[in-house]
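Reading through the structure tokens given below for one structure.
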Amino acid sequence: MNEPIDKLARIARLNLTKEERELFAKQLGSILEAFSILAKAPTKGVEPALHPVALQPVRREDKAKPGLKHEQALANTQHKEEGFFKGPKVK
């Protein structure tokens with residue numbers, strides 16, 4: 001009956017009743033009508049807004065800090081073997 005709705009339903013794996021197909025066709029028509037109105041909006045000379053808020057780069061100076069010692073890193077795990085973390089086997 002309504003080919004675009006049937007195609008969308010098939011892609012989305014939906015089993016729609018006749019009433020649902022008619023309802024969705026009406027709703028899709030309203031959505032497409034709204035987009036056709038938006039398409040007529042004057043946009044000549046208007047720069048596209050890529051982000052609603054201007055982004056400023058945030059920078060900080062990298063500072064080296066001492067890390068954990070080997071024994072400290074392994075202290076709170078039971079999953080260790082021969083001085084390394086032990087994880088699941090890769091298949």
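Of note:
- Residue check, PRO52 under 31 Å from the mean Cα position of the chain (by Cα) and assigned to a loop (DSSP other than H, G, I, E, B): yes
- Qualifying residue in segment 16-23 (condition: surrounded by fewer than 10 Cβ atoms within 10 Å (Cβ to Cβ) and either touching a Ser or Thr at 6+ places or on another chain (Cβ under 8 Å) or part of a loop (DSSP other than H, G, I, E, B) (or both)): yes
- Test: PHE35 is among the aromatic types (Phe, Trp, Tyr), loosely packed, with under 11 Cβ neighbours inside 10 Å and under 25 Å from the mean Cα position of the chain (by Cα): yes
A short reminder: the numbers here are calculations on the coordinates, not readings from a lab. Just so it is clear, the structure is predicted and the values come from calculations on it, not from any experiment. Glycine gets a Cβ as well: all are built from the backbone with ideal geometry, and neighbour counts include every protein chain shown.
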